[in-house]
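Read-outs: derived from the displayed coordinates by stated rules, not from any lab. In this text the structure is predicted, and so the values were computed from the model without any measurement. Cβ atoms come from the backbone with ideal geometry, glycine included; neighbour counts cover every protein chain shown.
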Amino acid sequence: MQDLYFIKTRHESIEFAINLIAEKIPVETAAGLSKIPNKIDEMLCVTVKGDDSAELVGKTVKLPGKLLGLAVHQGVAVAVSDVQNDSRITTNNEHLITEETRSVLCVPFTFEGRTFGAAELINRRNGDT
């Protein structure tokens, strides 16, 4: 936790959180996204840990209609344990969700009441969704 004192930017804090999450929670993919200044409906993918998603780093993600958008705009964690049977999700509309996705967790990162980023965790390993 001492490392927190040396974090200077929003992106560094998101990378720190995703590294910690990926170390402690067994998931196939953990992505960290940052809000883009002056754009309410887009986020920048800052970091990805896990299965073959590194090409998403540096790409923007449009939020409308996405589970991630719901989490960020409402400021709440959104967990889906059965992606294939959840009517809110279509695989062609989500940026990390594919036909193989079983479960997803989207959590906003907030500081002093303002959302500055989010984490998206895909497919918990070694156990129930």
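Just a few scattered comments:
- Rounded, prolate or oblate (a/c below 1.5 giving rounded, otherwise prolate when a/b exceeds b/c) for the chain by Cα gyration tensor: oblate
- What you get for the chain, charging only the Cβ of Lys and Arg (+1) and of Asp and Glu (-1), is a dipole of about 420 debye around the Cα centre.
- Charge tally around R10: other residues with Cβ under 12 Å, Lys/Arg +1 each, Asp/Glu -1 each, net +1.
- Total lysine pairs in segment 1-75 at Cα distances under 24 Å, for residues eight or more apart or on different chains: 16.
- Where labels lie 7 Å past Cα in the beta-carbon direction, separation of E23 and D86 in nm: 2.7 nm
- Chain lengthening between E100 and A77 when straightened (0.36 nm per residue, less Cα-Cα): 6.1 nm
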